[in-house]
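Enquirer: Take a look at this one; I'll ask things after.
Values quoted throughout were computed directly from the atomic coordinates according to the rules given, and no laboratory measurement underlies them. Only a predicted model underlies this, so the values are computations on that prediction, with no experimental measurement involved. Note that we place each Cβ from the backbone using ideal geometry, even for glycine, and neighbour counts take in every protein chain shown.
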């Protein structure tokens, strides 16, 4: 049932192109720095952290110790019960924090603004970011975080859920940012603009999540492999 994977080795350009992705993941990981970046723009702290992250990611990418940067694929077929590698656990836990925590804080902040008229997202980032990030870390410790578990056996489904999250969160955050930047051009009251931002956030998130749930977006298909079976379907390229 098992056949040779299509990719014996990862192409060099493929490995190189994954490094900036992980630089971005770890650069925006410290919540207080990211909140300050969005509120006030970059300062000295952001550039220092960017230099450190770039150096470490370039080093680990060259060593083949970042997802997608390996000389050859670690997971070749869905259903393979391999032990997950430590750097995959760290990277995907960090990526889930980047995806879920700011998304949750923005949604909570927009909802509070809708019901109370108070804009407190910056305060929420300072108060909630690290407790929520700790919950993601705990989920990894208890083997619940997709792609960051102890085994790669369920990679076929977990990879799909990871990209459902990517497709849901990234366009929604971009839409929310656009509404924030373009809001001043609308002839609306502050209250009406807050309601429009929440509606935009929910509509974009709901639309992309539905498409991802149905497997209509790239890499969102979930392959559920029975216990003890290794699929003859090779894992497609992509971190």
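Enquirer: First check a/c for the stretch 106-235, with a ≥ b ≥ c the square roots of the eigenvalues of its C-alpha gyration tensor; if it is under 1.5, answer rounded, and if not, answer prolate when a/b is larger than b/c or oblate otherwise.
Expert: oblate
Enquirer: Please give the helix 86-116 orientation as an angle from the longest Cα principal axis of the chain, in degrees from 0 to 90, rounded to the nearest 10.
Expert: Helix 86-116 sits roughly 20 degrees off the main axis of the chain.
Enquirer: Kindly provide the pair-distance distribution of the stretch 1-144 built from C-alpha pairs, with 10 Å bins from 0 and whole-percent values in order of increasing distance.
Expert: The percentages, shortest bin first, are 10, 31, 31, 18, 8, 2.
Enquirer: Restricting everything to alpha-carbon atoms, can you work out Rg to Rh for the stretch 83-172 with a Kirkwood hydrodynamic radius?
Expert: Using only Cα positions, Rg/Rh for the stretch 83-172 is 1.06.
Enquirer: For the pair residue 38/residue 211, report the inter-label distance in nm, with labels modelled 7 Å from Cα in the Cβ direction.
Expert: So the two model labels end up 2.2 nm from each other.
Enquirer: Further question on the same structure: Relative to the longest principal axis of the chain, what angle (0 to 90°, nearest 10) does the C-alpha long axis of helix 12-27 take?
Expert: 40 degrees
Enquirer: Please give the length that would be gained between residue 199 and residue 141 if that part of the chain were fully extended, namely 0.36 nm times their separation in residues minus their C-alpha to C-alpha distance (nm, one decimal).
Expert: 17.4 nm
Enquirer: Once both axes come from the Cα atoms, what is the angle between helix 31-40 and the longest principal axis of the chain, in degrees from 0 to 90, rounded to 10?
Expert: 50 degrees
Enquirer: At a threshold of 8 angstrom on Cα-Cα distance, excluding pairs fewer than six apart, so keeping six or more, what relative contact order does the chain reach in percent? Walk me through the numbers before you get to the answer.
Expert: On the way: 299 pairs, mean separation 66.0, N = 239.
28 percent.
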